[in-house]
Amino acid sequence: MSDIDVSEKFGEDRSEGISWNELMERDSRPAPDILVEEAYTYRGSDPIPAERYTSEGFAQKERERMWPYVWQFCAREEELNDPGDFVVYENAGRSYLVVRQDDGSIRAMHNVCLHRGRKLRTEDGSAEKFTCPFHAFTWNKDGSFNHAPCQWDFPHLEKKNMDLPDAEVATWQGYVFLREEKGGPSLEEYLAPLPDHFKRWRHDECATVMHVAKEVPANWKVVMEAFMEAWHTIVTHPQLLPFTGDSNAAYRTWGDNINVNLVPFGIMSPHIQEGQGEQWIVDEFIKYNGRSSDNYDPTGNPMAIAVPEGKTAREALGDQMREVYTQTTGYDHSDATDAEVLDALVYNVFPNFAPWGGFMPNIVYSWFPGKTPDTCVMDVRILARVKKGDPKPAAAPRKFLTLDQKWTEAPELGILGDVFEQDMDNLPYVQEGLHCSKNGEVQLGNYQEIRIRQFQDTMMKYINGELGGPQA
């Protein structure tokens, strides 16, 4: 067989055990098309240069050629409930004030005084005006210039536009996005087909009930890519194997910007040769899964699920989840599939935004480059559906963990903090290893790491000038 014939087969191999689509056929409810339609394209098997994760020169290219031209998730609308409410959003060498206006719209302006360059605000809050703490230059909440002391000394600024430079803003399902350089695809175009998928899950009915961020000693891409495949579970998170189909997961990509990893729960990993029965699967899920509903139930009552005779663990978990979510939210979940109330439906939006789909409390990840290529910030939210008829509460404030702190120092994360710490046991050493690498190459699997391949391909389109704005 020729090399061409062999390469045409790359990406076709799948793990032993039941496939995702076969599992959907057994689901207790008909699975929507969005969960069963295949979307995989082989993207080659060339290695990724290690310098993309370690080089300050490459990081500078990201700042200049990619970040200004992409839509960035910067806030949730429940953080901006009233006129004047603002969020300080910082990323890739820029700082913005994202502000709710009197007419309900949201504006984003650069958070830098046009006099001597001081940041106007360093923390979220609410304000009618933004007055610089250095010399009291003042701007209105829409970014228009208000006044400055000693204006007699600045006649050269009288005819100069002193409004704060602004960024483009758009919203989708309660998420607020900004783009530094205006123009290019609309947010809906950029997100496609994500809006079609999430219509069913209605994140605009949800609010941020938990928000934790942490500085991590690794490149933002190293950390993000650790959350773009499930098969590291076998050695990094072995406690999850009894109820996680890690290598049974499905991977899909669309265009340049969107991909998903569909990870089934309530079934054993193919890496476990012999289990201890369906009840054992449920018991391990309740013990170690960070998204079971009791983690976010203020009463703290544990879920006691007994698997009825003739049912699988997955069916029993799906039945209980549907009932719990219907009771706690007031919305009818009777038509929700087992997958939508149980599984990890982990979407990624280029470059650094990852909302989980489904009806249960949803994790939302973001990753941000640090001051050097060797550090980053990982941001984690939990969204929960607001009970039907109740007003949407203000978002939970963000807790920030420093480089020396552990995820487990945020007890509100529950068992997720322990899972994240297992990931942290790898990531600093990945970063060190990339610096030490003799061949300077990173190898990727053809199927299970296709999301990483798509991300890298899209990033290089910006770096090379195929996407984005004018290149230097």
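Structure summary
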item	result
Helix-only mean residue ellipticity at 222 nm for the chain, each DSSP H run of n ≥ 4 adding -39500 (n - 2.57), per residue, nearest 500	-6500 deg cm²/dmol
Accessible heavy-atom area order of Ile34, Ile450, highest first, probe of 1.4 Å	Ile34, Ile450
Set of lysines near Lys199 by C-alpha distance (under 21 Å), chain-local residues within fewer than 8 positions excluded	Lys387, Lys388, Lys392
Angstrom value of the Kirkwood radius, inverse mean 1/r, which spans all Cα pairs in the range 365-407	13.2 Å
Surface accessible to a 1.4 Å probe, Asp256 within the full protein complex, Å²	50 Å²
Average projection area in nm² (convex hull over Cα atoms of the range 18-58, one quarter of hull surface)	5.5 nm²
Probe 1.4 Å, all protein chains present, accessible-area order of Trp201, Trp231, Trp254, largest first	Trp231, Trp254, Trp201
Where the range 22-141 is the region considered: accessible area per residue in Å², 1.4 Å probe	46 Å²
Translational D in µm²/s for the range 245-386 (Stokes-Einstein at 37 °C, 0.692 mPa s, Kirkwood Rh from C-alpha pairs)	197 µm²/s
Dipole of the chain, positive direction: furthest Cα of Ala396, Val282, Pro47, with charges on the beta-carbon	Ala396
Nearby lysines by direct alpha-carbon distance to Lys61 (threshold 30 angstrom, same-chain neighbours under 8 apart not counted)	Lys119, Lys182, Lys214, Lys221, Lys371, Lys438, Lys461
Cα-based radius of gyration of the range 379-472 once divided by 2.2 N^0.38 Å, which approximates compact folds	1.58
Kirkwood-based Rg to Rh ratio, the range 327-422, C-alpha trace	1.01
Compactness of the range 6-109 as Cα Rg over 2.2 N^0.38 Å, two decimals	1.73
Relative contact order of the chain, pairs being alpha-carbon contacts under 8 Å that are 6 or more residues apart, as %	22 percent
Area of Ser55 that stays accessible when all protein chains are in place (1.4 Å probe, Å², to 10)	30 Å²
Per-q log10 I(q)/I(0), the chain, q = 0.07, 0.09, 0.12 Å⁻¹ (Debye; single scatterer per alpha-carbon; no solvent)	-0.39, -0.64, -1.12
Euclidean distance between Cα centres, the range 352-407 to the range 187-233, Å	9 Å
Radius of gyration and maximum dimension Dmax of the range 425-472, Cα, Å	14.2, 40
Diffusion constant of the range 60-142 at 25 °C, which comes from Stokes-Einstein with the Kirkwood Cα-pair radius and 0.890 mPa s, µm²/s	182 µm²/s
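The values are calculated or read from the model by the stated rules, or taken from the named source; none is laboratory data. Only a predicted model underlies this, so the values are computations on that prediction, with no experimental measurement involved. Counting neighbours? That spans all protein chains shown, and the Cβs are built from the backbone with ideal geometry, glycine included. These area figures cover heavy atoms from the full protein model, side chains too; ligands, DNA and RNA do not enter into them. Shrake-Rupley method; radii C 1.70, N 1.55, O 1.52, S 1.80 Å.
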